[in-house]
Structure formats: structure tokens, C-alpha cells
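Undergrad: Take this structure, written in C-alpha cells, and hold onto it; I'll ask about it next.
Throughout, read-outs are computed from the coordinates displayed, never taken from laboratory work. The model shown is predicted, which means the values in this text are computed figures rather than measured ones. Every residue, glycine as well, gets a Cβ built from its backbone with ideal geometry; the counts of neighbours run over all protein chains shown.
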Amino acid sequence: MAAVLETSILTEDTDLKNIAQKVYDNQRITDAEALLLFEKGSLGFVGSLANFVRERLHGDITYFNRNFHIEPTNACIYTCNFCSYSRLYAHRDEAWELGLEQMLDIVKKYDDEPVTEVHIVGGVHPKMNLEFFAELLRKIKAHRPGLHIKGFTAVELDYMFRKAKKTVREGLEYLKDAGLESLPGGGAEIFAPEVRAAICADKVDADGWLNIHGTAHELGMHTNATMLYGHIESFADRVDHMRRLRELQDRTGGFNTFIPLKFRNKDNDMSHVSESTLVEDMRLYAIARIYLDNFPHLKAYWPMLGRQNAQLSLSFGVNDLDGTIDDTTKIYSMAGAEEQVPSMSTQDLVVLIQQAHRKPVERGTLYNVIKDYSAEALV
Ligand code: V47
Ligand code: SF4
């Protein structure tokens, strides 16, 4: 009853009130209702509903993990217009390409650190093939068996498997045997074909991306899903993207986390497209939390959003702030993200979460609790 009262204060619109009632009753909202939220839902309205969902699922718990990144190369055969990172042709002199031992040295740098995950992601380099990456995985596992390896976007995997003439299932089984444990969510961008053709025409399409994730789920691996938003896509394209993810999740249950990625416009072929506003960012998080009822977690990737905005997102449905990172990723700083030197210590993250009146919990990649910091005093 109190919930109904709260809604009536927030809106006089009957359609929006009906959506709110559904959310309070734990019923799924339709695509048309999600679109309506994008078109008509004020920040306060969608925010309050999303926070209700977030607290029903997780209370005040806010997860983070301790991870580091390996970016094997920033050279890429593809030509995504939004990418500020790829250096194959235009800025060849700024390209890097790491060998196996160099990447193992990055892992060794963390020998005395209590990190639990390495995130491997990079461009698609024609010379870095399936066998090369399988060898990398074996070397990492031999050196540090307990380190969870989350690696390779569906875009990287699609290329690797096609080049090795393996099916998606064969390729994933091969990498899994070598030590790959889960997949990050990159490469999804926007699934709608017209937008995809305009921003990243030449890489794996929506069905290919979804097939790789669905097959990984069938093999018992967990994966994440992203959406690159705030450029030329429409509200309907956002709903279409999330619908495809929600449908796959209904079938497999293998997604852990949805991660909206805000388009940044520095130094890429879409620099003329303005970036979304903070209000629009928060509305998107909130609507994603309301619509994706079968996704357990919603993550704000703080190096891209900035730490204060990430803190704010904890009131708009977000319950995960990714990891400590330690300045090992360049993808966002090169695209003009808030955080040019993305590094936060565990203490920094704990304080950031506590300042938002939430409970910090360190997790493993699969959301196993490593340490509950909620009883620790704010410093
Ligand atoms: O797919 C590239 C994005 C993604 C830009 O699964 C850009 O835990 C904004 O997916 N503006 C790769 N975004 C990174 C990624 C990721 C990051 C953190 C955690 C996880 C996870 C996954 O970066 C790409 C693309 O969507 N990206 N350029 C840009 N200019
Ligand atoms: Fe390559 Fe990824 Fe950049 Fe596209 S977004 S050009 S696939 S590195």
C-alpha cells in the first residue's frame, strides 16, 4: 500500500502508474512499457522504481572486485567509428603488441597482491590467434591457478575461431580447457542492424554475439553483457538491445551483469556526436534495472563514468562498481573518459561506496563474497 502511495506522489500519468504497480508487484514490464519509460519517465520516477528493485534484490550491498587488465594489443583489423583505441592504420606508431612473456610479467607484478581476477581484452590482431591465446591462458594458470581469467569479447573470439576453422563450441571448449573461465561483455555495442551498420559495420553481428554468449552459457561459463549508448541509437534501439539480452537470459541464465557503456567522443570518427547528459545516463541505468528483471547485477564502470557519477548511480539501480583496476586499461582514457589515470585502491572504493550510504562487499568474478566491509568505519 505504501508503495502505491509513493507512486501517486511521483506521477499523475496512468500508464506510468501501471508500470510502477507492476514493478512493485514483481511483474515483468513489456518492451512497450520500457519505451514509455524512456519517453516519459522523469529521473525521479524511474530512479525511485529502480532503487526499489535494487534494494529488493541486494539491499544496500554494493559489490566490487580486485582485478587488473591485460590489453594484448591496441591494433585491430576492424574499423568501429566510435573507437579511439585501435591503432592499426591511422596511428601505427602508437600501436602496441605484447608477447606472451610480457603479458606473463604483468601477471607476475601482482604476485603479492590479493587480486582475484584478470580481465583480458584488446583489439583484433591478425597475428594473435587461438593457439597464441590458449598458450597465454595456460601460462597464467600455471603461474597462478587461483586467478580467475575473464577474457576476450565475442568480437575477438569470433575472429579467432573463424581463423582457426573451429565452431564456436569447439573454440570455447578449447579455451576453457586452457583456463578461460568467463567472458566479459564487450563488443555488443547496439544490436539493431541499421545502427550497427553505421557504427561498427564489419565485426560480428548481433546473432553472432548472442550465439557466442549462449554457447558459453551452455558450457557452464558465466558472461557479462554491455550496451554502448548515447550516440546515434534511438530509445527503441536500446529496448531492442535489452530485449535480445533478456530473451537469451531466459533461455540460459548465464549472464551475471549488465554494463551500460557511455559513448565518449574524443579522438574517434564520431567526435561530432555529442555525449549524453548525466540525467540521461542515470535514467538509462534505472530503466535497465527495471527492464532486465532476470539479470542479477547492474554495473557502473567507473573509469568511464567517473567516480562521482558512479557513486551517484548507486541510487539508480547499480549494485556493482567493477574493480580496483590499477591503471591497466587504456580503452576509456583514450576515448576521453573522466578518469585519465584509472586507479582506485580497495580503501578508495570502500569509502566511495560508504559515502553513498551503501554496504561495500568485495566479490569474486562470480559474485562469491570475499570480504564484507560494511562493519568497517568510514575513514
Ligand atoms: O565493446 C570502445 C567500448 C568496450 C568506446 O565485462 C567505448 O566486466 C565508450 O566491454 N566510448 C570494451 N565506450 C570494454 C568492455 C568492458 C569494460 C569493463 C568491464 C567489462 C566486463 C567489459 O568498450 C567495447 C566498446 O563498447 N568502447 N570505444 C568509446 N569511444
Ligand atoms: Fe577493434 Fe574493438 Fe576498437 Fe572495434 S571497438 S575497432 S573491434 S578495438
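Undergrad: Please rank Tyr373, Tyr285, Tyr367, fewest neighbouring Cβ atoms within 10 Å first, as an exposure proxy.
TA: On the way: Tyr373 18, Tyr285 27, Tyr367 15.
Ascending Cβ contact count within 10 Å gives the list Tyr367, Tyr373, Tyr285.
Undergrad: Looking at the chain, send over the antiparallel percent of its DSSP beta bridges, to the nearest 5.
TA: Working: 4 of 31 bridges.
Taking every DSSP beta bridge within the chain, about 15 percent pair in antiparallel fashion.
Undergrad: I'd like the isolated cysteines in the chain, meaning no second cysteine's beta-carbon lies under 4.7 angstrom from theirs.
TA: Unpaired cysteines in the chain: Cys76.
Undergrad: Averaging the inverse of every distinct alpha carbon separation and then flipping it gives the Kirkwood radius. What is it for the chain, in angstrom units?
TA: Numbers: mean 1/r = 0.0472 Å⁻¹.
With all distinct Cα pairs of the chain included, I get 21.2 Å.
Undergrad: Which order results if Asp372, Asp60 are arranged by neighbouring Cβ count within 10 Å, fewest first?
TA: Numbers: Asp372 12, Asp60 16.
So the ranking, lowest neighbour count to highest, is Asp372, Asp60.
Undergrad: What list do you get for Lys40, Lys127 if you sort them by fewest beta carbons within 10 Å? Provide the component values of the computation, followed by the final result.
TA: Values: Lys40 14, Lys127 8.
The most exposed by this proxy come first: Lys127, Lys40.
Undergrad: Right, something else. At a Cα cut-off below 19 Å, give the lysines reachable from Lys22, other chains included and same-chain residues fewer than 8 away excluded.
TA: By straight Cα distance, Lys22 reaches Lys40.
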